[in-house]
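Below: one structure, written as structure tokens.
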Amino acid sequence: MSKVFKDLNLQLDERVEEKLNLLSPNWGSYRILKKSVDARKSPHFVYSLEVFDQNEKPPEDNFQLEKLSQFKGTKPLIIGAGPAGLFAALRLLERGIACTLIEQGSPAEKRIKGINRYWRYGELDPKNNVCFGEGGAGLYSDGKLITRIKSPHIPYVMQRLVEFGAPDEIKYLSNPHVGSDKIRRVIPVMRKKLLELGCDIRYDTKVSKLLTQGSNIIGVETDLGEQIHSNHVVLAIGHSANDFFQHLSEVGVFLEGKSFAMGVRVEHPQNLINSIQYKDKAEHPALGSANYKLTHHDKKTNTGVFSFCMCPGGYVLSSGTEADSIVCNGMSNYKRNSPYANSAVVVTVDHKKLFGDDLFGGFKLRRQIEVEAFNLVQKQGGTKQLPTQNMLDFLNKSLKKQVNKGSSPSGETLVPLHEVFPEDLYKSLSKGLESFENKMKGFVTEKSQVYGVETRTSCPLRITRDKQSLESISHKGLYPTGEGAGYAGGITSAACDGINVADAIYELYKSSKTDQALHLSQK
């Protein structure tokens, strides 16, 4: 009979096996359930372990799914090959339901060529960029699997990613990280699996509009005029499909404004963050690159400021989707060995308070700030570079210090970045940074610089859906999914939401007489 040991403290040079020899002398094998770093005093590791006797074997991670034994219905149609769309497709296929997956961009291997041209020359491919293309926005600008949600699907997502080539440790690390370099190799393997299971994948195909009969969805039309019919359309379009959000409004799909966050991305030398977090253990090889998570709440204005998408040993990336604007994001490779650490520092934007009944008020503000950031770079003689300012100058509204060569492959151009934001938002950012300095001494420093603009943290609206069926509350057969629908934020939560929607569709097929679906065969 296995035993579970929780919250075991191990020193940096202490081996798990040494600890087990004291706790369970006759142990045969073990598996790690959770591992984290506690850096509050003297840095050390905290483990939770499941320990097995010598005659026991750890159970295999095997997710048995109920599935249809026969499928004769209309194939569901999934729009968008980001984490939500990919995992929705995988789940449907594993449950015996054939589906079609449509992506406006190209496969990941071709997509990166367009991204590299944008970073190197400033030539934007509107269908293949950091936000659009197979793998979604997280493929080239994230690499982290950290999530705040509590979902029973998280172990399934992690296990499938490991099967497709992600490192096994993502199943137990408290801050799981696959790395942008490794996840680029995971996605093609996942694609191969989808094709083997019978998925019809159509790349370089942009959906231009929904096809409806009254309030029922009957399919979609592409930008080439092709009509593809389906009674179940999974809408996993991501947070930056501005033109399609407008189309949804025009055809009467129920939308509501949603609060979101925007701000800047700050970059420090990684060794500085290591020394702040790990103190005298900063150079210990077992620790690697330190991260941080910071929050500030202004009670007077009821405004929150927080760090987001922290990238230890990472890079700041230009990640816009329009040629006349600039957006930044961050990512880390698996080894997190860049000499820089970066993180978004963003302010909550209350939709009702700022925009009232203006459904697209958040999009308008986002667009205004992104265009202004682009114009500032152009005025300074820049082209493709990210707008950048020394952190102390940003707080003092000055331009006394030159910016340093940082991690961005697009380069940096010195601009008065503080001028980009509305005054209230700028003040909140400033107060937040000052608060972070109180929590992490040395955070506010001339060694740090600020990049603009971090505006795509989440979608500024929600495509509201029924809590039970997960269909749009205005259009039957339309399943808003993931970040673009306002129901996720990050790779893991988007993947879990795609699974939720796929399971809802499965339940519908399972009970449908018209689709002649027979069920209860085991995978």
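Where a number appears in this text, it was derived from the coordinates with a stated rule and is not lab data. Every value quoted in this text rests on a predicted model; they were computed, and no experiment measured them. All Cβ positions, even for glycine, are placed from backbone atoms using ideal geometry, and neighbour counts span all protein chains on display.
Between Lys293 and Glu14, how high is the FRET efficiency from 1/(1 + (r/R0)^6) when r is the Cβ-Cβ distance and R₀ = 30 Å? Nearest 0.05.
Approximately 0.70, to the nearest 0.05.
If I take R0 = 51 Å and measure r between the Cβ atoms of Gln378 and Glu66 in this structure, what FRET efficiency does the formula 1/(1 + (r/R0)^6) give, to the nearest 0.05?
0.35
With labels modelled as points extended 7 Å from the Cα through the Cβ direction, what inter-label distance (nm, one decimal) is found for Glu50 paired with Lys439?
Distance between the two pseudo-spin positions: 3.4 nm.
Considering only C-alpha atoms, what is the centroid distance from segment 284-313 to segment 1-50, in Å?
27 Å
Packing-wise, with mean Cβ within 10 Å as the measure, how do 123-132, 446-455 rank, highest first?
446-455, 123-132
Report the Cα-based extents of the chain along its three principal axes, largest first, to the nearest Å.
Each principal axis gives a Cα extent; for the chain these are 70, 67, 44 Å.
Tell me the mean residue ellipticity at 222 nm calculated for the chain from its helices only (DSSP H runs of n ≥ 4, each -39500 (n - 2.57), averaged over every residue, nearest 500).
-9000 deg cm²/dmol
In terms of modelled amide H atoms, which long-range or inter-chain residues lie less than 5 Å from the amide H of Ala341?
Residues meeting the amide H criterion: His268, Gln270, Gly313, Gly314.
In whole Å, how far is the Cα centre of segment 118-183 from that of segment 366-395?
28 Å
Place the peptides 107-113, 458-464 in order of packing, highest mean first, counting for every residue the other Cβ atoms within 10 Å and averaging per peptide.
So the order, starting with the most tightly packed, is 458-464, 107-113.
Answer rounded, prolate or oblate for segment 65-216, using the Cα gyration tensor with square roots of eigenvalues a ≥ b ≥ c: rounded when a/c is under 1.5, else prolate when a/b is larger than b/c, else oblate.
oblate
Show me the ranking of peptides 83-89, 232-238, 353-359, 216-222 by mean Cβ neighbours inside 10 Å, starting with the highest.
83-89, 232-238, 216-222, 353-359
Suppose every Lys and Arg Cβ carries +1 and every Asp and Glu Cβ carries -1, with no other charges. What dipole size does the chain come out with about its Cα centre, to the nearest 20 debye?
Computed about the Cα centre, the dipole is about 540 debye.
Take the alpha carbon gyration tensor of segment 15-62, find the square roots of its eigenvalues, order them as a ≥ b ≥ c, and report rounded if a/c is under 1.5; if not, report prolate when a/b exceeds b/c, else oblate.
Oblate is the answer for segment 15-62, as a/c is 1.5 or above yet b/c matches or exceeds a/b.
Please turn the phi angles of segment 420-431 into ³J(HN,Hα) values with the Karplus equation 6.51 cos²θ - 1.76 cosθ + 1.60 (θ = phi - 60°), one per residue in order, whole Hz, x for glycine and proline.
6, 9, x, 4, 4, 5, 4, 4, 5, 4, 4, 5
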